[in-house]
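Notes for the one structure printed next.
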Amino acid sequence: MRLFWRHGYEATSIAELTQAMGITPPSLYGAFGDKRRLFLEAVDRYLGGGAIAVIRTINEAQTGREAARALLTAAALGDTGEDTPPGCLLASSLVSSSAVAAEVREELAEIRRRIEAALRARIEDDIHAGRAPRHGDAEALAGHVFAVVQGMSTLAKDGAGRDKLLRIVDQTMAGWPAPISDPGAGRRRSGRRSPGSP
């Protein structure tokens, strides 16, 4: 995982992988099939159980806002680990690649799309339930979070420290639409009656 994280998918050789793992190439192919499968297993490990684990975290958050902060904070911490390469494995391991790696690039893009879609769905739930302003743009908010995640990865690779990234998280959340503490009040302000109102 750390080799792919540090050097990227294509620049990491089978020789480097087998040396780091203490196995022979036949053993690697026997266990994983090929380099692509090994890389995707490394991505799952990086995510703590794959996209499903990240989506579970999103779904378990009390609101879409809290889910967004959790994703951003996890990215800031993960990008600046003391014993791991700077930046994000998903964001930097295949920034550009050859046609040979196009399938892997698309698989990473699909992981990001699934996680972004889960965050967008949580934000939409908040809007529909009156916990967030009715004019909120769930697609843009979720996209903004992922744009910041990608940007923080680049900053970390350029030497930005954890404190700076966490302040970026705070600044990002400061621009988030203010939550509505009383969903009924939000519906009344929008002209809709809350359940049970006269």
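Could you go through segment 189-198 and let me know if any residue there is more than 24 Å from Leu47 (Cβ to Cβ) and either assigned to a helix (DSSP H, G or I) or modelled with pLDDT of 95 or more (or both). Steps first, answer last, please.
Of the residues in segment 189-198, the ones more than 24 Å from Leu47 (Cβ to Cβ) are 189-198.
Subset that is either assigned to a helix (DSSP H, G or I) or modelled with pLDDT of 95 or more (or both): 189.
Yes: one or more hits.
Just one of Glu16, Glu10, Glu41 is of a type outside the set (Val, Ile, Thr), without any contact (Cβ under 8 Å) to a residue 12 or more places away in the chain and either assigned to a helix (DSSP H, G or I) or out of contact with any strand residue (DSSP E or B) (no Cβ under 6 Å at 6 or more places or on another chain) (or both); which is it? First the steps, then the outcome.
On the way: Glu16 fails: without any contact (Cβ under 8 Å) to a residue 12 or more places away in the chain; Glu10 fails: without any contact (Cβ under 8 Å) to a residue 12 or more places away in the chain.
On inspection, the qualifying residue turns out to be Glu41.
Considering each of Ile55, Ile23 in turn, give the residue that is in a helix (DSSP H, G or I) and surrounded by 13 or more Cβ atoms within 10 Å (Cβ to Cβ).
Numbers: Ile23 fails: in a helix (DSSP H, G or I).
Result: Ile55 is the single residue among Ile55, Ile23 that is in a helix (DSSP H, G or I) and surrounded by 13 or more Cβ atoms within 10 Å (Cβ to Cβ).
Return the residues of segment 123-139 that are of a type in the set (A, V, I, L, M, F, W, C) and closer than 13 Å to Arg65 by Cα; say none if nothing qualifies.
Selection gives Ile123, Ile127, Ala132, Ala138.
Just the residues that are basic (Lys, Arg) and within 17 Å of Gly49 (Cα to Cα), please, taken from segment 108-124. Lay out the reasoning, then the answer.
Looking only at segment 108-124, we keep the residues that are basic (Lys, Arg), and these are 112-114, 120, 122.
Correct list: Arg112, Arg113, Arg114.
Here are some conditions: (1) in contact with an Asp or Glu (Cβ under 6 Å, 6 or more places away or on another chain); (2) over 22 Å from Lys164 (Cβ atoms). Val104 meets all but one. Which one does it not meet?
Evaluating Val104 over (1) in contact with an Asp or Glu (Cβ under 6 Å, 6 or more places away or on another chain); (2) over 22 Å from Lys164 (Cβ atoms) leaves (1) as the failure.
Taking Arg37 as the residue in question, decide whether it is out of contact with any helix residue (DSSP H, G or I) (no Cβ under 6 Å at 6 or more places or on another chain), farther than 19 Å from Pro85 by Cα and among the charged types (D, E, K, R). Talk me through it step by step, then tell me what you get.
Numbers: out of contact with any helix residue (DSSP H, G or I) (no Cβ under 6 Å at 6 or more places or on another chain): yes; farther than 19 Å from Pro85 by Cα: yes; among the charged types (D, E, K, R): yes.
Yes, satisfied.
The values are calculated or read from the model by the stated rules, or taken from the named source; none is laboratory data. Source: prediction; values computed, not measured. Reconstructed Cβ throughout: ideal geometry from the backbone, glycine too, with neighbour counts over all protein chains shown.
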